[in-house]
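The values are calculated or read from the model by the stated rules, or taken from the named source; none is laboratory data. Computed from a predicted structure; not experimentally measured. We place every Cβ from the backbone using ideal geometry, glycine too, and count neighbours over all the protein chains shown.
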Amino acid sequence: MSEFLQQVVNGISLGSVYALIALGYTMIYGILRFINFAHGDVFMIGAFVGYYTAPVISRALGGSVVLTGIVVLIIAMTVCSLLGVTIEKAAYRPLRSRPKLTVLITAIGVSLFLEFGGQLIFGPDPKLFPSLIPSGAVVNSQNLIINVNSIVVIVTALLLMLLLRVIVYNTKIGTAMRAVSYDHRAASLMGINIDTVISFTFVLGSSLAAAAALLYGSVYPSINPLMGIFPGLKAFIAAVLGGIGNLVGAALGGLIIGLTETFVTGYLSPTYRDAISFAILILILLFKPTGLLGHHEAEKV
Amino acid sequence: MKRHQSKLYLLAGLAAAAIISAFESSMSPYYYQVAIYIGINIVLALSLNIINGFAGQFSLGHAGFMALGAYTSAVITTSLGIEGSDITGILVFALALVCGGCIASLFGLLVGVPSLRLKGDYLAITTLGFGEIIRVIIQNLDFLGAARGFTGIPKLSNFLWVFGAAGILAYTVANLINSTYGKGFIAVRDDEVAAASIGINTTRYKVIAFVTGAFFAGIAGGLYAHFITYINPSQFGFLKSFEIVVMVVVGGMGSFTGVILSAILLTILPEALRGIAQYRMVMYALLLVIIMLSRPQGLFARGLRVKRYLKQTPAAT
């Protein structure tokens, strides 16, 4: 029983990281109707920003772990937002009126560029991510250990999701985002600046990815330039599972993928970990392509 | 392309292969290896071009099909203990290659079926998933050597085999594009709804494209396995799939000679630029983005149809 509980806690903490990345995928898909393949690599850059800034900030702040964590979080979110907006402006904006396939290939190109550019700049070897969360255990009984880590990850992710919900549903720019995702042309006729809204969406998505990266790094401290590929793909699967374009769906999908993966690792075999999410994706696309909470969209001819 | 031209390709390919293989022993091993890789990459790129270029079904799982062909043929030749040069060796190798291709195309059928319901982005990521699932399964099968890899494969591939396969594939593709099937592929690619509305069975054409493409990817895998004599699952990861996609995109999706040229170019280029080998993947990535931004029809393509397909603006959506 305690082993089961342990798996549940681990699964939820991994799942909330996936959920944060999945929110970025789903928002960008909602607005631009394409998969931003480079999102997982923005996540990777976030982790490296944490790796390089944390020691400097920690020294400057006199070693306070909590404060360092918050400052590094803000820096990583800012850097990744800038990166996300730059990618959108340089690579995706010129292709906005082109067919989806062109944009898809470009997104793959950008993703590979960040991965292998990262290998050149940061070096291909794995690096040890600095601890940004005070170590220790909240619960420490015979078989069940709940670290401060997992709690901080879950709480931070929840707070960011609530913040996102407030931004999307209770602010002017959030309303504009929803309008654009509903109908580009009608929204622009109502005086909404589409370019600003798209840039803002990339800011939101990329900063969530940066936060996810720092949380991920605190749980799995080995980081390398290719680390974004699998979390990125799994978060995408989470977004599809929940119904792409749907915020609550992305969070739900993230949790389901995180839990499934932890259980497969714990009870079956760790080698099947990467295959199970793809199996889920194929099943969901075959039997309910709109996802758990998605709605059907008719194809216009 | 005219029909008689395609026969010419086949004859030219086979003749070149036969002539060069006569000088095989006098070639420097390094150039020989590069030449073999060129041939294998031509087979891979042309076979992916059937799926991505002609039928317009963007697939990112080609390395998975290649892995299936490599492992199937390796199991057949090693379990029969084939040494090579004699006539039974040649027959068994041919049989092993075809079996590898058949297993790969069986899985192509499996991948083709969900592709009936998926498009663009979703299809790309599903095929990527299929490729990864194949790799993970091989990694867990002990009789295939699991993650340690599969050793002791006889070195049976040579110039004649590799370029013979490339020639046969080129011949098949050249005839395919002019056949009813080829026209069907292009109709499905250009406008699926319109194709369906004039009575084209789009399902059938998509599945046929996947099955044919996978078959030749399996053959390429078999040739590769019997050249390097050692295979392991990590050689067939999705980065390999990306490499093949880059070849097709650079050559021009749906272009025939363009794809062959880019397969040759992208095999030689990294070898010629050994000194800056670590930049290879970055250059591939930049090449993809730049080509999409400035010349989406590919470097070598001149086909009008391809141009229109990639440059059209979506009117109704």
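Remark: pairs (first residue in the range A:217-229, part of a loop (DSSP other than H, G, I, E, B); second residue among the small types (G, A, S); Cβ separation under 6 Å; 6+ apart in sequence or on different chains) = A:P225/A:G118; A:G228/A:G40. In the range A:17-38, of all residues being in contact with a Ser or Thr (Cβ under 8 Å, 6 or more places away or on another chain) and crowded, with 24+ Cβ neighbours inside 10 Å, the one that is nearest to the other protein chains (Cβ to nearest Cβ) corresponds to A:F37. Tell me which residues, restricted to the range A:96-126, are at pLDDT 85 or above, facing chain B (nearest Cβ under 7 Å) and more than 17 Å from B:E243 (Cα to Cα). Residue satisfying the conditions is A:L120 alone.
Among the residues of the range B:174-186, not a single one is within 20 Å of B:T78 (Cβ to Cβ), away from chain A (no Cβ under 14 Å), buried (at least 19 other Cβ atoms within 10 Å of the Cβ) and out of contact with any His (no Cβ under 7 Å at 6 or more places or on another chain).
Kindly indicate whether A:R93 is more than 25 Å from A:F230 (Cβ to Cβ), within 14 Å of chain B (Cβ to nearest Cβ) and in contact (Cβ under 8 Å) with a residue 60 or more places away in the chain.
yes
With respect to A:Y169, determine if the residue is surrounded by fewer than 22 Cβ atoms within 10 Å (Cβ to Cβ), out of contact with any Ser or Thr (no Cβ under 7 Å at 6 or more places or on another chain) and modelled with pLDDT under 90. Please lay out each step first, then the result.
Values: surrounded by fewer than 22 Cβ atoms within 10 Å (Cβ to Cβ): yes; out of contact with any Ser or Thr (no Cβ under 7 Å at 6 or more places or on another chain): yes; modelled with pLDDT under 90: no.
The answer is no for A:Y169.
For the range A:231-252, what are the residues that are over 11 Å from the mean Cα position of the chain (by Cα) and either basic (K, R) or within 14 Å of chain B (Cβ to nearest Cβ) (or both)? Working first, answer last.
Here is the first cut: in the range A:231-252, the residues over 11 Å from the mean Cα position of the chain (by Cα) are A:237, A:240-249, A:252.
Across the range A:231-252, the qualifying residues are A:I237, A:V240, A:L241, A:G243, A:I244, A:G245.
Checking B:L160, B:L141 one by one, the residue that is within 14 Å of chain A (Cβ to nearest Cβ) and over 16 Å from the mean Cα position of the chain (by Cα) is B:L141 and no other.
Can A:V153 be described as part of a helix (DSSP H, G or I), touching a residue at least 40 places away in the same chain (Cβ under 8 Å) and over 26 Å from B:E132 (Cα atoms)? Considered against the rule, which asks whether it is part of a helix (DSSP H, G or I), touching a residue at least 40 places away in the same chain (Cβ under 8 Å) and over 26 Å from B:E132 (Cα atoms), A:V153 comes out as yes.
Take the range B:209-242 and flag every residue that is farther than 26 Å from A:I105 by Cα and either surrounded by 22 or more Cβ atoms within 10 Å (Cβ to Cβ) or in contact with a helix residue (DSSP H, G or I) (Cβ under 8 Å, 6 or more places away or on another chain) (or both). Talk me through it step by step, then tell me what you get.
Taking the range B:209-242 first, the residues farther than 26 Å from A:I105 by Cα are B:219, B:222-232.
If the condition is that a residue be farther than 26 Å from A:I105 by Cα and either surrounded by 22 or more Cβ atoms within 10 Å (Cβ to Cβ) or in contact with a helix residue (DSSP H, G or I) (Cβ under 8 Å, 6 or more places away or on another chain) (or both), then B:I219, B:G222, B:L223, B:Y224, B:A225, B:H226, B:F227, B:I231, B:N232 are the ones that fit.
Among residues of the range B:251-268 that are of a type in the set (F, W, Y), those with a Cβ under 9 angstrom from a residue that is modelled with pLDDT of 90 or more, sequence gap 6+ or separate chain, pair up as B:F256/B:L46; B:F256/B:N49.
Which residues, counting only those in the range A:137-159, are under 16 Å from A:G69 (Cα atoms) and surrounded by fewer than 13 Cβ atoms within 10 Å (Cβ to Cβ)?
Of all residues in the range A:137-159, those under 16 Å from A:G69 (Cα atoms) come to A:148-157, A:159.
Once the filter is applied, which keeps residues that are under 16 Å from A:G69 (Cα atoms) and surrounded by fewer than 13 Cβ atoms within 10 Å (Cβ to Cβ), the range A:137-159 yields A:V155, A:L159.
Conditions tested, residue by residue: (1) over 17 Å from A:S13 (Cα atoms); (2) touching a helix residue (DSSP H, G or I) at 6+ places or on another chain (Cβ under 6 Å); (3) surrounded by fewer than 23 Cβ atoms within 10 Å (Cβ to Cβ).
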site: A:G232; (1), (2), (3): no, yes, no
site: A:N246; (1), (2), (3): yes, no, yes
site: A:G253; (1), (2), (3): no, yes, no
site: A:R273; (1), (2), (3): no, yes, yes
site: A:I276; (1), (2), (3): yes, yes, yes
site: A:L283; (1), (2), (3): yes, no, yes
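Within the range A:268-286, residues that are at the interface with chain B (Cβ under 7 Å from one of its Cβ atoms) and part of a helix (DSSP H, G or I) have Cβ atoms under 7 Å from residues that are surrounded by fewer than 17 Cβ atoms within 10 Å (Cβ to Cβ) and aromatic (F, W, Y) in these pairs: A:D274/A:F230, counting only partners at least 6 apart in sequence or on another chain. Any residue that is within 14 Å of chain A (Cβ to nearest Cβ) and either assigned to a helix (DSSP H, G or I) or surrounded by fewer than 24 Cβ atoms within 10 Å (Cβ to Cβ) (or both) - is there at least one of those in the range B:34-47? No, the range B:34-47 contains no residue that is within 14 Å of chain A (Cβ to nearest Cβ) and either assigned to a helix (DSSP H, G or I) or surrounded by fewer than 24 Cβ atoms within 10 Å (Cβ to Cβ) (or both). Residue check: A:F263 meets all listed conditions (1) of a type outside the set (S, T, N, Q); (2) within 16 Å of A:I21 (Cα to Cα); (3) away from every other protein chain (no Cβ under 13 Å) but one, namely (2). When B:G100, B:G69, B:G108, B:G129 are checked against the criterion of being within 11 Å of chain A (Cβ to nearest Cβ), touching a residue at least 60 places away in the same chain (Cβ under 8 Å) and part of a helix (DSSP H, G or I), a single residue qualifies: B:G129.
So that you can scan it fast, the table gives a plain yes or no per residue for (1) more than 14 Å from chain A (Cβ to nearest Cβ); (2) under 21 Å from the mean Cα position of the chain (by Cα); (3) modelled with pLDDT of 80 or more:
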{"site": "B:L91", "(1), (2), (3)": "yes, no, yes"}
{"site": "B:A94", "(1), (2), (3)": "yes, yes, yes"}
{"site": "B:P114", "(1), (2), (3)": "no, yes, no"}
{"site": "B:L118", "(1), (2), (3)": "no, no, no"}
{"site": "B:I133", "(1), (2), (3)": "no, yes, yes"}
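I'd like to check something: does the range B:262-276 contain any residue that is within 12 Å of chain A (Cβ to nearest Cβ) and out of contact with any Asp or Glu (no Cβ under 7 Å at 6 or more places or on another chain)? Yes, there is a match, as at least one residue in the range B:262-276 is within 12 Å of chain A (Cβ to nearest Cβ) and out of contact with any Asp or Glu (no Cβ under 7 Å at 6 or more places or on another chain).
Only one of B:L95, B:L14 is touching a residue at least 24 places away in the same chain (Cβ under 8 Å) and either part of a helix (DSSP H, G or I) or closer than 25 Å to B:K240 by Cα (or both). Can you tell me which? If you could, list the steps in order and put the result at the bottom.
Details: B:L95 fails: touching a residue at least 24 places away in the same chain (Cβ under 8 Å).
After applying the criteria, what remains is B:L14.
For A:G11, are the conditions met, namely being surrounded by 21 or more Cβ atoms within 10 Å (Cβ to Cβ), under 30 Å from A:G266 (Cβ atoms) and more than 14 Å from chain B (Cβ to nearest Cβ)?
Values: surrounded by 21 or more Cβ atoms within 10 Å (Cβ to Cβ): yes; under 30 Å from A:G266 (Cβ atoms): yes; more than 14 Å from chain B (Cβ to nearest Cβ): yes.
Answer is yes for this residue.
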